[in-house]
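Below is one structure, written out as C-alpha cells, with a few remarks after it.
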Amino acid sequence: MKLSDEELELDLDADLDSDLDADLDADLDSDSDPKRGGILQSTSKRVRMIFSVMASPNRIDILRILNSKGPLTYSELKSLAGFKSKKESGKFAYHLRKLLRQSLVALNKSERRYTITNLGKLVLSLARQIEERSIIESGKMYVRTSHESIEEFNSHKIIQSLVREGSLPLELAQKITEEVENRIYKYQTTYLTGSLIREMVNSVLLEHGHEEYRNKLARLGLPVFDVQEMISNLDNVDNGAEGLLFNTGQRVFAEHLLTNILPKDVADSHLSGDLHITHPGIWSMIPDTIFVNVKELIEDGIDLGGKYLDVSRIPASKQLDDVTSSLSVVIALLSKEASKEIVLDGLVPLFTKYSKSLPELEQKLSDAFATASTTSKYNKTSTNISIRLQLGTDTKIINSIINAYKNYTKITPIPKIGLIIDADKGKITDVSELVSEILLLGGKVMFAKGQTSSYGVTNGSTKTTGPLSINLESVSINLPRLAFESNKDETYFRARLALLMKPALASMALRKKEISDLTRRGLNPILAKNTQYMQRSSVSLVVNLVGLKESVFNILGFKDNKEGRDILHKVIETAVDVGAKKGKELGDTVAISMTETEASTRFANLDGEKYGKNSALNSMDGDSYSQGIVIKASEISTFTNKSEPILESNKLSKLLNGGLLVTLEIDKNAKADEIKKAIEKASELTPSFKPVRNTPICGECGFKDEPFEDKCPKCKSPYVV
C-alpha cells in the first residue's frame with residue numbers, strides 16, 4: 001500500500017522520535033522517587049512530559065494556529081507553521097507527533113484534519129499566562145499598539161506623545177509620565193494596550209487640572225457596546241456596509257468637531273439645544289448646498305486631476321450617449337461634495353441640440369437618473385439632486401426631461417432626484433398635469449422663481465464667474481428656547497437672539513475656512529478644480545430660524561393678530577440686521593432662512609424635557625416646532641392675494657433674505673386633477689412652494705404603485721414607510 005506524504009514523513013521520523021522520547025523518559029524516571037505509588041509517579045511523569053512539549057516554541061505555534069484557524073490538513077498546518085522547505089519536513093513531523101502523543105492535538109481520520117484538544121487549549125492558555133506573568137516579574141511589559149503591533153513598554157514614548165500631540169511642556173510631560181508608569185506597574189496589568197495607557201494619561205491630567213491638554217489627547221471613537229448595537233440593529237441601515245462605516249466615521253468626526261474645532265460656547269449651545277448643527281460629522285468637510293451649471297461642467301469636460309483615478313474620464317461631450325453618461329458621473333461625484341442638495345441648472349440648453357430624437361433622449365435620461373440613484377449617501381437621508389427647469393425656454397426638451405423623471409420616479413421607491421420648476425417666464429399650466437401625476441407617484445417637485453433649492457433656500461451668489469456657488473447652512477436657532485428664557489420680554493428675546501447669532505456666525509466663518517482648506521488639499525476635487533480652490537466662488541452663510549410661531553404666539557404671549565405678526569416680523573428683521581452687520585465684519589454674505597430641518601423635532605423634545613411637555617408643545621400640531629409656512633391644498637381654492645395666510649407668507653418671503661419654505665400640503669386621497677388645480681392656484685398666489693403628499697411605500701419590497709394603508713398588496717408586509 002502506498003503511503004501519503006504525511007504518513008511517510010511521520011513514519012520516517014518515528015525512530016528519531018522514539019529515541020528522543022526514550023532518552024527523555026530516562027531522565028524523568030531518574031528524578032522520580034521509587035518509594036512513591038505508581039499512580040502518582042505516572043501523573044508526575046505525564047505533567048513533566050507536557051511541560052517538555054511546551055518547551056518548544058514551534059509546538060506552541062502549532063497549538064496557536066490550530067486554536068485560531070480550526071481544523072487543518074497536514075499540508076495546511078505545515079505551511080502555516082512556517083515549515084515550507086522539504087528539508088524541514090522531518091522537523092515538522094517530529095513536533096506534530098509530540099503533540100499527538102501527549103493528546104494536545106487530535107487527528108480526525110475520516111476528514112484527515114488536525115484539531116487542538118481541550119487539553120491543548122488548557123496548555124496554550126497556561127503558556128500565555130506564564131508568558132505575561134514572567135514579563136511582569138522581569139519588569140518588562142509589552143504594549144498592543146493601535147498600529148497592529150506589540151512593542152516593549154517604553155515610558156519615553158509617553159513623554160514624546162504628550163509633547164507632540166498635547167503640546168505639554170517637557171517638565172510637565174515627564175511628571176505625568178512618571179505617575180502613569182507607577183500606576184501601570186502597581187496594577188500589574190497583563191493586557192496592556194495603547195488605548196489603556198492613553199486612558200491612564202488622561203485620568204492623571206484631569207486629576208492635575210489639565211482639562212485642555214486632556215481634550216487634545218482624548219481618543220475619539222465608540223464604546224464596544226455602541227459598536228455591537230450598530231451591528232445588531234441593521235434595520236436602521238439601508239445602504240449596506242457603507243452605512244455602518246459612514247455612521248461610525250461621522251461619530252468620530254462629530255466628536256472631534258465639538259471638542260477640538262468649534263469654540264466651546266458654540267459647542268455647548270449645540271449640545272444644550274440653543275442651536276443645532278446638522279450632520280456634525282461632515283460639517284467642516286463639505287458644504288450643504290451647491291448650485292451648479294451642469295452644462296458648463298459637461299461641455300468643458302470634468303477635470304478631476306489626480307483624484308478618483310478609478311472613475312472614467314469622459315472628455316468634452318458631443319454625442320447624446322456621452323452627455324448622459326457624463327451627467328450620471330457628475331451627479332455621482334457632486335453628491336459626495338455636498339451634504340444636503342445639488343441644484344443642477346443648464347440641463348435644458350445642454351440637450352437642446354438633441355430635440356430631433358426626443359424618445360431616445362427620454363430613455364437615455366431615465367437610464368442616467370437610475371444609474372445616478374445608486375450613489376452612496378453619508379446619512380440616512382440622501383443628498384438631494386434637484387434639476388432646475390426654466391419654463392418658457394425649450395418646451396419640448398422640458399417635457400422630455402419631466403417625462404424621463406416620471407419614468408425614474410415609477411421605478412424608485414424614494415427618489416433622491418427631484419425637479420425645481422421655475423415659472424418666472426413661463427406658464428405652470430404647461431407642466432401642471434404631468435407634475436400632478438409625478439406627485440401621485442411620490443416624486444419630488446418644487447415650484448420657485450429664481451434660483452432656489454428644494455428646501456426653499458435661495459442662491460445667495462453675488463458673483464457671476466464660474467459654474468458653481470455654495471451655501472453653508474446647517475445651523476438652526478431654537479427660538480422657543482430663547483423665548484422661554486426671556487420672561488415674556490420681547491425686547492430681551494430679540495437681544496438674546498442677536499447675542500446667540502454672533503458666535504454662531506463666527507463658527508460658520510470658521511467652517512468656511514476649514515472647508516476651503518480641505519478642498520484646496522484635494523478632499524473635494526470638483527469644487528477645487530471649478531472654483532480655483534474656492535477662491536473663484538460665491539459662498540453664503542445661512543442661519544435657519546426654528547419655531548418662530550411658537551415663540552411669539554405661544555411663549556411670549558402675543559395673539560395671532562396684526563400686533564402679534566408685527567412682533568414676528570421684528571424678530572426676523574433683527575436676525576437679518578445682525579446677520580448683515582456680522583457678515584460685513586467677517587467679509588461674507590449672511591442670510592436668514594426658515595426652512596425644513598431635523599432641528600425642529602430635536603428642539604421640541606429637548607424643550608419638552610426641560611420645561612415640561614405642556615408648556616412647550618401645547619400650540620404645536622405634531623411633535624416638532626414650526627419650520628416655514630404650511631398651506632393646505634384643500635383650502636387654497638378659497639384664497640386670494642388678500643387672504644391672511646397668503647399675505648403673511650409673501651411678507652415673510654420678502655423679509656427672509658435666505659429663503660422661506662412654503663409647503664403645499666396635499667391630502668393623500670387627492671386625485672391628479674385636484675392636485676393640478678391646487679398647483680396652478682398656488683403659483684398665482686405665492687412665488688415659491690413645495691407640494692408634499694405622503695405616499696405609502698412598502699418598507700420590505702418598495703411597492704408604491706397604488707394607495708394602501710395597513711399592509712403591502714404585493715408582499716403583504718405590514719412595514720409601511
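Figures for the structure shown
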quantity	calculated
Any hit, the stretch 650-662, residues being assigned to a loop (DSSP other than H, G, I, E, B), open to solvent by 80 Å² or more (accessible area, probe 1.4 Å), on the phi < 0 side of the Ramachandran plot and not assigned by the TED database to the domain that holds Ser551	no
Test for Arg313: is it part of a loop (DSSP other than H, G, I, E, B), outside the structural domain of Met501 (by the TED database) and among the basic types (Lys, Arg)	yes
Residues that are open to solvent by 60 Å² or more (accessible area, probe 1.4 Å) and out of contact with any helix residue (DSSP H, G or I) (no Cβ under 6 Å at 6 or more places or on another chain), drawn from the stretch 362-391	Gln363, Asp367, Thr374, Lys380, Thr381, Gln390
Hey, Val329 β-branched (Val, Ile, Thr), in contact (Cβ under 8 Å) with a residue 12 or more places away in the chain and touching a strand residue (DSSP E or B) at 6+ places or on another chain (Cβ under 8 Å) or not	no
Test: residue in the stretch 591-599 that is closer than 22 Å to Ala509 by Cα, assigned to a loop (DSSP other than H, G, I, E, B), in contact with a Gly (Cβ under 7 Å, 6 or more places away or on another chain) and open to solvent by less than 70 Å² (accessible area, probe 1.4 Å)	yes
Condition broken by Glu598, with the remaining ones in (1) more than 28 Å from Asp430 (Cβ to Cβ); (2) not assigned by the TED database to the domain that holds Leu472 satisfied	(2)
Test: residue in the stretch 286-294 that is assigned to a loop (DSSP other than H, G, I, E, B) and touching a strand residue (DSSP E or B) at 6+ places or on another chain (Cβ under 6 Å)	yes
Unique match (being touching a residue at least 12 places away in the same chain (Cβ under 8 Å) and within 30 Å of Leu297 (Cβ to Cβ)) among Leu556, Leu500, Leu545, Leu541	Leu541
Restricting the stretch 278-337 to residues that are among the β-branched types (Val, Ile, Thr) and at pLDDT below 85, the residue that is least open to solvent (accessible area, probe 1.4 Å)	Ile298
Among the residues listed as Ile397, Ile417, Ile342, the single one being within 24 Å of Ala682 (Cα to Cα) and in contact with a helix residue (DSSP H, G or I) (Cβ under 7 Å, 6 or more places away or on another chain)	Ile417
Total residues in the stretch 377-412, condition in contact (Cβ under 8 Å) with a residue 60 or more places away in the chain and touching a strand residue (DSSP E or B) at 6+ places or on another chain (Cβ under 8 Å)	3
Yes/no for Asn247 being open to solvent by 60 Å² or more (accessible area, probe 1.4 Å), modelled with pLDDT under 80, closer than 13 Å to Asn379 by Cα and not β-branched (Val, Ile, Thr)	no
Failed condition for His208, given (1) more than 28 Å from Pro280 (Cβ to Cβ); (2) open to solvent by 90 Å² or more (accessible area, probe 1.4 Å); (3) not β-branched (Val, Ile, Thr)	(2)
Among (1) without any contact (Cβ under 8 Å) to a residue 12 or more places away in the chain; (2) surrounded by 13 or more Cβ atoms within 10 Å (Cβ to Cβ) - the single one Ala173 does not satisfy	(1)
Any chance Val252 is under 28 Å from Ile515 (Cβ atoms), β-branched (Val, Ile, Thr) and either outside the structural domain of Asn379 (by the TED database) or touching a residue at least 40 places away in the same chain (Cβ under 8 Å) (or both)	yes
Positions within the stretch 670-721 being in a helix (DSSP H, G or I) and open to solvent by less than 100 Å² (accessible area, probe 1.4 Å), in sequence order	Ala672, Asp673, Ile675, Lys676, Ala678, Ile679, Glu680, Lys681, Ala682, Ser683, Leu685
Subset of the stretch 455-512 [outside any strand (DSSP E or B) and modelled with pLDDT under 90]	Asn459, Gly460, Ser461, Thr462, Lys463, Thr464, Thr465, Gly466, Pro467, Asn487, Lys488
Unmet requirement for Gly579, which otherwise passes all of (1) in a helix (DSSP H, G or I); (2) of a type in the set (Gly, Ala, Ser); (3) surrounded by fewer than 22 Cβ atoms within 10 Å (Cβ to Cβ)	(3)
Count - residues of the stretch 105-128 that are touching a strand residue (DSSP E or B) at 6+ places or on another chain (Cβ under 7 Å) and either part of a helix (DSSP H, G or I) or surrounded by 13 or more Cβ atoms within 10 Å (Cβ to Cβ) (or both)	9
Number of positions in the stretch 424-446 that are in contact with an Asp or Glu (Cβ under 8 Å, 6 or more places away or on another chain) and either over 19 Å from Ile401 (Cα atoms) or not small (Gly, Ala, Ser) (or both)	2
Filtered residue count, the stretch 410-438, keeping only those that are farther than 28 Å from Leu334 by Cα and open to solvent by 50 Å² or more (accessible area, probe 1.4 Å)	6
Search result, residues across the stretch 512-526 that are out of contact with any Leu (no Cβ under 6 Å at 6 or more places or on another chain) and buried (at least 22 other Cβ atoms within 10 Å of the Cβ)	Ile515, Asn524
Members of the stretch 684-721 found to be of a type in the set (Ser, Thr, Tyr) and under 18 Å from Val662 (Cβ atoms), listed by number	Thr686, Ser688
Count - residues of the stretch 621-646 that are under 18 Å from Ile666 (Cα atoms) and loosely packed, with under 12 Cβ neighbours inside 10 Å	4
Residues within the stretch 72-104 that are within 47 Å of the chain's Cα centre (by Cα) and either surrounded by 18 or more Cβ atoms within 10 Å (Cβ to Cβ) or touching a residue at least 12 places away in the same chain (Cβ under 8 Å) (or both), tallied	10
When residues of the stretch 43-71 are limited to those that are hydroxyl-bearing (Ser, Thr, Tyr), open to solvent by less than 70 Å² (accessible area, probe 1.4 Å) and assigned to a helix (DSSP H, G or I), the one farthest from Thr117 (Cα to Cα)	Ser44
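The values are calculated or read from the model by the stated rules, or taken from the named source; none is laboratory data. These figures come from a predicted structure and were not determined experimentally. Note: ideal-geometry Cβ built from the backbone for every residue, glycine included; neighbour counts use all protein chains shown. Surface areas here come from the heavy atoms of the whole protein model, side chains and all, with no ligands, DNA or RNA. Shrake-Rupley method; radii C 1.70, N 1.55, O 1.52, S 1.80 Å.
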